[in-house]
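The values are calculated or read from the model by the stated rules, or taken from the named source; none is laboratory data. What you see is a predicted model; the values in this text were computed from it and never measured. No Cβ is skipped: glycine too gets one built from the backbone with ideal geometry, and neighbour counts run over all protein chains shown. Keep in mind that these areas ignore ligands, DNA and RNA; they rest on the heavy atoms of the full protein, side chains included. Shrake-Rupley method; radii C 1.70, N 1.55, O 1.52, S 1.80 Å.
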Amino acid sequence: EAARASGRFDVIHVSTDSQHYADIAAQYGADEPFLRSADAASDTASSEDAIREVLRRYGERGQHFDAFMLLQPTSPLRTAGDICAAFDVMEQKRAESVVSVCEMEHSPLWCNTLPPDDSMREFLRKDGERRRQDLAVYYRLNGAIYLVKTEHFLRTGSLYGDGCYAYHMSAERSVDIDSPTDFIIADALLGSTL
C-alpha cells in the first residue's frame, strides 16, 4: 500500500515462493509474473540473492530498471512519504544508494560482551561513563528502505558502499519485526495515529 501510494514505481513486485502470498500481493496491485526460486528462498539465501533473481527475471522479460527499492515486510510502519523522501535524498545527494536509519535508543558505548564469570569490571568503556546527553548520537539500520541504483548493485553486489547516504526515520516508524515483542509493538502502533 505504501509503495503504491508513493507513486514512485513503474513496477511493484513481492518476491515470494508462495502462490498464496503472490495472489494477495496481486490483489493489492503488485506485479507477480513469477515466484521466487527454491534457491533464492532457501534458509541460506540473502536479500541480495533474491534481488539478483528478480532483476534477472524481469530482464528476461525485457524490463530493466534504473533503480530498485527493497521494502522488507518486517518494517510495516514506513509510509509513502518515507519512500518519496528517500528518492529525494538520492536525487539531492546524487547517491548510488539510500538506506533508512533511525537514532538508537541507547548508546552502543553502554553495551559490551561479558566474560564467563559475568564480571562488570571492564563493561563500560571510558566514553560510556559520560552522561547520555554528552554522548554522540548513534544510528542503526532500521530495515525499512533500501533504494539502490541497479548498475551500482550489479557492479558491486552491495546495497551500501561509496555513494550510499542515510535517510533518517523516526523511531515510531522504525519498528523492525524480528520477535513476538516487535510484532506487539508494531500492531499497537498501527492501531494508533503516528
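Annotations
- Residue in region 134-145 that is modelled with the highest pLDDT, counting only those that are part of a loop (DSSP other than H, G, I, E, B) and open to solvent by 80 Å² or more (accessible area, probe 1.4 Å): Tyr138
- Within region 77-98, the set of residues being open to solvent by 40 Å² or more (accessible area, probe 1.4 Å) and more than 19 Å from Phe153 (Cβ to Cβ) comprises Thr79, Gly81, Asp88, Gln92.
- Hey, Leu35 modelled with pLDDT of 95 or more and either more than 21 Å from Thr150 (Cβ to Cβ) or open to solvent by less than 40 Å² (accessible area, probe 1.4 Å) (or both) or not: yes
- Within region 51-76, considering residues that are among the hydroxyl-bearing types (Ser, Thr, Tyr) and in contact with a strand residue (DSSP E or B) (Cβ under 9 Å, 6 or more places away or on another chain), the one most open to solvent (accessible area, probe 1.4 Å): Thr74
- Which listed residue, of Leu77, Leu109, is farther than 21 Å from Gly163 by Cα, assigned to a helix (DSSP H, G or I), among the hydrophobic types (A, V, I, L, M, F, W, C) and touching a helix residue (DSSP H, G or I) at 6+ places or on another chain (Cβ under 8 Å): Leu109
- Pairing each residue of region 2-22 that is free of Cβ contacts under 8 Å to residues at least 40 places away in the same chain and on the phi < 0 side of the Ramachandran plot with any residue that is open to solvent by less than 40 Å² (accessible area, probe 1.4 Å) and charged (D, E, K, R), provided the two are 6+ apart or on different chains, yields C-beta distances under 9 Å for Ser15/Glu53.
- Flag if Asp88 is among the acidic types (Asp, Glu), free of Cβ contacts under 8 Å to residues at least 24 places away in the same chain and over 30 Å from Phe68 (Cβ atoms): no
- Residues of region 9-28 that turn out to be open to solvent by less than 50 Å² (accessible area, probe 1.4 Å) and outside any helix (DSSP H, G or I), as a count: 6
- The residue of region 146-194 that is surrounded by the most Cβ atoms within 10 Å (Cβ to Cβ), among those that are farther than 12 Å from Ser75 by Cα, at pLDDT 90 or above and touching a Lys or Arg at 6+ places or on another chain (Cβ under 9 Å), is Phe153.
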